[in-house]
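The values are calculated or read from the model by the stated rules, or taken from the named source; none is laboratory data. Remember, predicted model here, so these are calculated numbers, not experimental data. All Cβ positions, glycine included, derive from the backbone under ideal geometry; neighbour counts span all protein chains shown. Accessible surface areas use protein heavy atoms only, side chains included; no ligands, DNA or RNA. Shrake-Rupley method; radii C 1.70, N 1.55, O 1.52, S 1.80 Å.
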Amino acid sequence: MAEKGASRGTLRRLWSLPRRRRGTAGRSRPDEIMHQDIVPLCAADIQDQLKKRFAYLSGGRGQDGSPVITFPDYPAFSEIPDKEFQNVMTYLTSIPSLQDAGIGFILVIDRRRDKWTSVKASVLRIAASFPANLQLVLVLRPTGFFQRTLSDIAFKFNRDDFKMKVPVIMLSSVPDLHGYIDKSQLTEDLGGTLDYCHSRWLCQRTAIESFALMVKHTAQMLQSFGTELAETELPNDVQSTSSVLCAHTEKKDKAKEDLRLALKEGHSVLESLGELQAEGSEPGVNQDQLDNQATVQRLLAQLNETEAAFDEFWAKHQQKLEQCLQLRHFEQGFREVKAILDAVCQKIATFTDIGNSLAHVEHLLRDLASFEEKSGVSVERARALSLDGEQLIENKHYAVDSIRPKCQELRHLCDQFSAEIVRRRGLLSKSLELHRRLETSLKWCDEGIYLLASQPVDKCQSQDGAEAALQEIEKFLETSAENKIQELNTIYKEYESILNQDLMEHVRKVFQKQASMEEVFHRRQASLKKLAARQTRPVQPVAPRPEALAKSPCPSPGIRRGSENSSSEGGALRRGPYRRAKSEISESRQGRGSAGEEEESLAILRRHVMSELLDTERAYVEELLCVLEGYAAEMDNPLMAHLLSTGLHNKKDVLFGNMEEIYHFHNRIFLRELENYIDCPELVGRCFLERMEDFQIYEKYCQNKPRSESLWRQCSDCPFFQECQRKLDHKLSLDSYLLKPVQRITKYQLLLKEMLKYSKNCEGAEDLQEALSSILGILKAVNDSMHLIAITGYDGNLGDLGKLLMQGSFSVWTDHKRGHTKVKELARFKPMQRHLFLHEKAVLFCKKREENGEGYEKAPSYSYKQSLNMAAVGITENVKGDAKKFEIWYNAREEVYIVQAPTPEIKAAWVNEIRKVLTSQLQACREASQHRALEQSQSLPLPAPTSTSPSRGNSRNLKKLEERKTDPLSLEGYVSSAPLPKPPEKGKGWSKTSHSLEAPEDDGGWSSAEEQVNSSDAEEDGGLGLKKLVPGKYTVVADHEKGGPDALVVRSGDVVELVQQGDEGLWYVRDPTTGKEGWVPASSLSVQLGPSGSAQCLSSSESSPGSAVLSNSSSCSEGGQAPFSDLQG
């Protein structure tokens, strides 16, 4: 309101222009036009009445300066309406100045050609209607003799009728008139010399009055505009203030244009009046013309004064609006900057982590530097805004009291941020210093452990060897002052500002490790001193007793298996210190045979493996965090949006996959649980087993990797990635870090193998072995899923086919009963290259197609060609002439596919896996037959057969087996629900139970014993009826180790002899090599080839889908001659 009042004051000063009264000399009535409330008559309003010229103001003056109004001879004077006469009289008397009009008017009435009666009427009418003061009335009476005589007489007798305030003088002639008024003040029709043109006078009066009216309107417009400006409230935002300033500027420009037009009009009127050198100096120029010229000049001067006053007022108003706009800009910037600084201060307040490792602290320092760099833009903006505010104050802004506190607050926030950054950097630098000391101590301890592990124990038995080892130890201990932590309390006091509970615990553990290592060194040092000091004598080296190495402090059933497995692991992690320590530990065993020394060395190696596992895990977590914060989060940063290419918009999930999920799992769960095993590394396998399901997230990441790789290749040159890499100070580009999860999941199996190697006789050996197997299983599942998602052209849902068991590339020949003869002949010598996918319910044949490109883009795709339902599939394990071939046949050999594997081992693995699937189908078929028989006898409903049932038991046994969820081919699955049958009595030879199969005399093949086989294959094998079991030798096709006391432990490839067939699919067999006997699942046995060269085959019956049929099938002829099928493509 103060601003508004100031504007009104300026407005009052603007309109307080000098005003002269009408009585001022040289002023005329038009001077007051714009100050009158009642609009006076104008020439334009009564132009037609003035044109009649029954009266006019010629501009002449009497001797005392009285204005002269002339009434020329006008015959129709009496016919003029009173209103018109009154208007003309009023207008003519308003033209002279107030001073001249105050003297009084002189009326000259020319009635020389009229009659006395008309003269009398005219004089009386004028005397009655004249609106101003009269000084003298001069009447030129009629010139005729009669009329002149009559007028003399009548005037004398009727003098009382002319009772006027001024004298009326009757003149007989024009010369008499000259006695009263000078000839120069009379027009030519009255014998004078005054130049007067009535039409010209009328035009001049119209122009002058039009200009005066324009001046009045302009003044009113300026007054109205000034009032509007003064009453305008100043807006509170930038947009409104800018709009008001623009609107007022436009109106000001329009007012200035109106002023310019008015001035132009005034100068035009002034030019039309003519240039006069001096007042009345030129003959023929009357006083009215001079007054008109003065009036126009006066109006022009008033316009110039008004314009100057308005310009001054506008300059102040514009300055106020501009200052208001500056203030609104400052306030808006203040709000924005303050919000950013508040957010920055809140965020830096959350930076309380001081790091749990050297790499972590370095990463935090990089994050702090990056945060400072990003926030520096906002801080600089705040400082610049504060300087702008100070500049406004120096320029005497009207809102100084509002600007100064905001400037002070901005400086305070900037100083607070800078101080917090300095404090935070100091804490992290302190933490970095402490962690470097801890890392130095740990490194010194590790070097000491390596030194102890690398000293050859047998060489230390001699005096020279002991002295050399002692010198090494003493030399190493000399470096303790610069490497180890001296006083724990000193550390606590020196780093009190950063020590929290976790860090104090870490310092304590490092100190304990350091003390433990020193204690070991001192013991070794004392031992070596004794060896170096005693007299040596020849000693006969004696090999350690074998049982000394065989004993284990913690025996378990998994020791032998773990040892055997570890002996074949050639791909374990190979590190120099581990190799050297291992070789010299072996020498130690040969030289001393001390179980304690051996266990100590193995414990050292286990700790080193655990240390590497933890170190690499922490580094891995840090790298993931670095990628997520330095790249993924920056994709959502508005300040970096301009660097993103269009191809990267909304593609963060494609580029990074589920990396954030992987990071949270490792950072929040897995790393913390791993740290719990730092003191018992041999038990770390439990940690992996407990979290094995969580590792499935890597399958999703690997499946997305081709899409991520493709997107990276398209946008790798984007400036966004280069800027992020520069800020992170990474030497490698993003694609190297996107590969880290794939590398990490493969690294675990190497570390587990290495840990298992040094933990064979420890408590956690079985868990380590199981964890290793599980990790390898995950790697296989990930690899299989990568192939599975590359299948194209399959119409159904691959998930409906069950679990993917195997996948691989093979050469395939076909031999179908139906097909074109010529096509068959063409296919005999040329195999098809097919990629097979074995599922629980079907086997898929696909054609592998290599793609052009690099990296993941070069990964193959698989075109779907055909699938076989496992319910109608059979196999022939061996094909004559090639140990790598086997047959897959379909619908009772209506379609036969001869498959050649790359190696015999791959073939054996596939055959075993297919056998397991078909065996489970056979068992389901037997179970269904039992239920059908039970239903016929007891009218019980037949339950739905399951594809994975391990036995032929009733529904009660099925329920128990489902509850246990045991392996369908595991012997433990049988013996856990019921005790194993008793072994047969010796001397009774081979026997069978009530559910055994009878062996036919003419064939040694297998078939379903639970139902009549009505297929053509069954008829060829000896007609209808139950087939009998053939005693003899069988080959084991699946390992079985777990079971009851009467179970026989067998491995794949062993040969056993059948002794007796028992219930629940169990056979009692004898191992001819060891002579041991026991129960094994029948599904794990395969009859050996007979002399006829036929191979044992396992298939599904054509007549009863879902059932398994064992039969003999002739092998393919040599050379694999097979007809061509539609599988070619």
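Quick grid of which residues meet (1) modelled with pLDDT of 85 or more; (2) part of a helix (DSSP H, G or I); (3) among the basic types (Lys, Arg); (4) under 60 Å from the mean Cα position of the chain (by Cα):
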{"position": "ALA44", "(1), (2), (3), (4)": "no, no, no, no"}
{"position": "GLY65", "(1), (2), (3), (4)": "no, no, no, no"}
{"position": "THR90", "(1), (2), (3), (4)": "yes, yes, no, no"}
{"position": "ILE109", "(1), (2), (3), (4)": "yes, no, no, no"}
{"position": "VAL119", "(1), (2), (3), (4)": "no, yes, no, no"}
{"position": "LEU150", "(1), (2), (3), (4)": "no, yes, no, no"}
{"position": "ASP161", "(1), (2), (3), (4)": "no, yes, no, no"}
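Pairs are defined by a Cβ separation below 6 Å, a sequence spacing of at least 6 or placement on different chains, a first member in the range 876-891 that is within 22 Å of LEU844 (Cβ to Cβ), and a second member that is open to solvent by 60 Å² or more (accessible area, probe 1.4 Å); the pairs so defined are LYS884/PRO904; ASN891/GLU1102.
One residue is enough: does the range 195-205 have a residue meeting the conditions in a loop (DSSP other than H, G, I, E, B), within 30 Å of CYS324 (Cα to Cα) and not basic (Lys, Arg)? No. Criterion first (over 25 Å from GLU598 (Cβ atoms) and without any contact (Cβ under 8 Å) to a residue 60 or more places away in the chain) does GLU482 satisfy it? For GLU482, the condition - over 25 Å from GLU598 (Cβ atoms) and without any contact (Cβ under 8 Å) to a residue 60 or more places away in the chain - is met. Restricting the search to the range 889-910, which residues are outside any loop (DSSP other than H, G, I, E, B) and either closer than 30 Å to SER708 by Cβ or open to solvent by 30 Å² or more (accessible area, probe 1.4 Å) (or both)? Within the range 889-910, TYR890, GLU895, GLN900, PRO904, GLU905, ILE906, ALA908, ALA909 meet the criteria.
Residue-level check: of (1) among the hydrophobic types (A, V, I, L, M, F, W, C); (2) surrounded by 18 or more Cβ atoms within 10 Å (Cβ to Cβ); (3) out of contact with any Cys (no Cβ under 7 Å at 6 or more places or on another chain), LEU674 misses just (3). Does the range 86-100 include one or more residues that are free of Cβ contacts under 8 Å to residues at least 40 places away in the same chain and more than 22 Å from ASP288 (Cβ to Cβ)? The answer is no; no qualifying residue exists. Annotation: of all residues in the range 645-662 being surrounded by 15 or more Cβ atoms within 10 Å (Cβ to Cβ) and free of Cβ contacts under 8 Å to residues at least 40 places away in the same chain, the one that is nearest to ARG606 (Cα to Cα) is GLU660.
Only one residue in ALA641, ALA619 is in a helix (DSSP H, G or I), among the hydrophobic types (A, V, I, L, M, F, W, C), open to solvent by 30 Å² or more (accessible area, probe 1.4 Å) and free of Cβ contacts under 8 Å to residues at least 24 places away in the same chain, so which one is that? ALA641 is the lone residue from the list that is in a helix (DSSP H, G or I), among the hydrophobic types (A, V, I, L, M, F, W, C), open to solvent by 30 Å² or more (accessible area, probe 1.4 Å) and free of Cβ contacts under 8 Å to residues at least 24 places away in the same chain. Considering every residue within the range 281-298, establish whether at least one is modelled with pLDDT of 85 or more, open to solvent by less than 50 Å² (accessible area, probe 1.4 Å) and farther than 29 Å from GLU188 by Cβ. So far as the range 281-298 goes, yes, one or more of its residues are modelled with pLDDT of 85 or more, open to solvent by less than 50 Å² (accessible area, probe 1.4 Å) and farther than 29 Å from GLU188 by Cβ.
Residue pairs whose Cβ atoms lie under 7 Å apart, sitting 6 or more positions apart in sequence or on different chains, and linking a residue in the range 663-675 that is free of Cβ contacts under 8 Å to residues at least 40 places away in the same chain to a partner that is in a helix (DSSP H, G or I) and open to solvent by less than 10 Å² (accessible area, probe 1.4 Å), are GLU673/CYS687.
Of all residues in the range 683-696, those satisfying the criterion of being open to solvent by 40 Å² or more (accessible area, probe 1.4 Å) and in contact with a helix residue (DSSP H, G or I) (Cβ under 9 Å, 6 or more places away or on another chain) are ARG686, LEU689, GLU690, ARG691, ASP694, GLN696. Summed over the range 407-425, residues that are touching a residue at least 12 places away in the same chain (Cβ under 8 Å) and either within 17 Å of CYS345 (Cβ to Cβ) or out of contact with any helix residue (DSSP H, G or I) (no Cβ under 8 Å at 6 or more places or on another chain) (or both) total 12.
Considering ASP446, ASP458, which residue is modelled with pLDDT under 85, in contact with a His (Cβ under 9 Å, 6 or more places away or on another chain) and either open to solvent by 50 Å² or more (accessible area, probe 1.4 Å) or not hydroxyl-bearing (Ser, Thr, Tyr) (or both)? None of the other options fit; the residue is ASP446. Candidates ALA230, ALA212: the one that is touching a helix residue (DSSP H, G or I) at 6+ places or on another chain (Cβ under 8 Å), more than 26 Å from ASP100 (Cα to Cα) and assigned to a helix (DSSP H, G or I) is ALA230.
Quick check on the range 391-410. Is at least one of its residues touching a His at 6+ places or on another chain (Cβ under 7 Å) and open to solvent by less than 60 Å² (accessible area, probe 1.4 Å)? Checked against the condition, which is being touching a His at 6+ places or on another chain (Cβ under 7 Å) and open to solvent by less than 60 Å² (accessible area, probe 1.4 Å), the range 391-410 yields at least one hit. Could you grab me the full set of residues in the range 728-742 that are outside any helix (DSSP H, G or I) and open to solvent by less than 50 Å² (accessible area, probe 1.4 Å)? HIS730, SER733, listed by residue number. Taken over the range 101-142, residues that are closer than 15 Å to TYR180 by Cα and polar (S, T, N, Q) amount to 1.
Among the residues of the range 243-259, is there at least one that is acidic (Asp, Glu), part of a helix (DSSP H, G or I) and over 16 Å from GLU307 (Cα atoms)? Yes, the range 243-259 has at least one match. Taking the criterion of being open to solvent by 60 Å² or more (accessible area, probe 1.4 Å) and hydroxyl-bearing (Ser, Thr, Tyr), the residues of the range 174-210 that qualify are TYR180, THR193, SER199. Note on the range 869-888: among residues that are more than 15 Å from GLN921 (Cβ to Cβ) and in a strand (DSSP E or B), the one that is most open to solvent (accessible area, probe 1.4 Å) is ASP882.
Look through the range 708-727, keep the residues that are part of a helix (DSSP H, G or I) and polar (S, T, N, Q), and return whichever of them is most open to solvent (accessible area, probe 1.4 Å).
GLN714
Restrict the check to the range 780-803 and report whether at least one residue is closer than 30 Å to GLY685 by Cα, charged (D, E, K, R) and in a helix (DSSP H, G or I). Yes; the residues of the range 780-803 include at least one that is closer than 30 Å to GLY685 by Cα, charged (D, E, K, R) and in a helix (DSSP H, G or I).
In the range 222-252, of all residues being within 19 Å of GLN326 (Cα to Cα) and open to solvent by 50 Å² or more (accessible area, probe 1.4 Å), the one that is modelled with the highest pLDDT corresponds to CYS246.
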